[in-house]
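The block underneath contains the structure these notes are about, expressed in C-alpha cells.
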Amino acid sequence: HVLTEQRKYQGIEAVVENVSEAGETQRAILRSAAFYGRASVILKEDIRVGTRIRTDIFLDPIQNNGNPGEFDSKAYQRVRGVYYYGRLSHMEILRQGRGSLFGEIRQSMAEKLLRVLPQPESGLLSAILLGEAIGLEEDCRSMFQKLGISHILAISGLHVGMIYRILQKIAGKKRRSAAVIPLAGLWGYTILTGGAASTIRAAVICTVSAFQKRGGGKTDSLNSLASSAWVLLV
C-alpha cells in the first residue's frame, strides 16, 4: 500500500530507474521491493540508470500545500508512479548500471566534445546537439535563462527540422531512398538524444509530412500536428 506518513527503511536494495540534472546534483527515481511505488531522491554523485544500490532511506509521501489553483505536483508525480520524496543517509553501490546503448553512445560523444573543445563551446554543443548537459557551466546556463532563450539548450523541433532538411539534401530527390534515409536518420537522432516529448512530436510531424508528399498530396500542417498529438497521447 502507499504510505500515508513518513517512514525510514534501513539496508534496503533499490534500482535507479531514471536520472536527471538538478543544478549541481542529480535527481534520481528509485524503485525497491521494500515499498510500493517509486521515490524521487537527490544524489550528490554521478550515477547511471540501472545501478543497484543498498541504502538507508527516509520516505516522505508527496503532498500538495493546498493553495487554490496551484500546480498539482502530487497527481503529476503519481502518473509517473512516484509517491514519495526520499532522503538517503547511506548508499552502497552493489552493481553499476550500463544504461541503454543509445545512452552510452550519447554520453561517449559528449565526453569527446569536452575533450576536444574548450569551455564554454564544448558544453554548449553537447547540450544543443545531444541534449547532454553534463559539461554546461552554471554561469552559461544562467545567462541563457536570463535572456529568455534557455529553450535553445533543449532538443526541440528546431533541431529536428534542421537535421531532417540536411538529410533530405544528402539523400536527394530522385532516388528511391529519398524518403527512407532522412526518416531513418531522423528517428535515429530522436532516440539518440533521449526521445523527449518535444523531439518525438517534431519527428512524428516530419514523418507524416513525408508520407503526405510520398502519396502525391500536399502537406497540411494542422493534420500533421493533430496526428502528432494523437500518437503522443496514445
Which of V160, A179, L125 sits farthest toward the positive end of the charge dipole of the chain, with +1 on the Cβ of Lys and Arg and -1 on the Cβ of Asp and Glu?
A179
Sort the following peptides by mean Cβ neighbour count (other Cβ atoms within 10 Å, averaged over residues), highest first: 112-120, 182-190.
182-190, 112-120
Compute the angle between helix 101-116 and the longest alpha-carbon principal axis of the chain, please, reported from 0 to 90 degrees and rounded to the nearest 10.
80 degrees
Order of 136-149, 77-90 by packing, highest average Cβ count within 10 Å first?
77-90, 136-149
Over the chain, what percent of the accessible surface lies on carbon and sulfur atoms, probe 1.4 Å?
56 percent
Place the peptides 34-44, 222-232 in order of packing, highest mean first, counting for every residue the other Cβ atoms within 10 Å and averaging per peptide.
34-44, 222-232
Can you work out the accessible area per residue across the chain, with the rest of the protein chains kept in place, probe 1.4 Å, in square angstrom?
63 Å²
Segment 1-111: Rg to Rh, with Rh as the Kirkwood radius over Cα pairs:
1.00
By its C-alpha gyration tensor, with a ≥ b ≥ c as the square roots of the eigenvalues, how is segment 110-170 shaped: rounded for a/c under 1.5, else prolate for a/b larger than b/c, else oblate?
oblate
For the chain, the longest principal axis of the Cα atoms and the Cα long axis of helix 138-147 enclose an angle in degrees, to the nearest 10, of 60 degrees
Go from 0 up to the bin containing the longest alpha carbon distance in the chain, width 10 Å each, and give me the % of pairs per bin.
7, 23, 28, 25, 12, 4, 0
Going by Cα centres, segment 1-75 and segment 123-152 are how many Å apart?
26 Å
Using alpha-carbon coordinates, inclination of helix 121-130 to the longest axis of the chain, degrees
80 degrees
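The values are calculated or read from the model by the stated rules, or taken from the named source; none is laboratory data. If you're wondering where the values come from, they're calculated on a predicted model, not measured in any experiment. Using ideal geometry, Cβ is built from the backbone for each residue, glycine included, and neighbour counts are taken over all protein chains shown. Ligands, DNA and RNA are stripped out before the accessible areas are found, and what is left, the full protein with its side chains, is counted by its heavy atoms. Shrake-Rupley method; radii C 1.70, N 1.55, O 1.52, S 1.80 Å.
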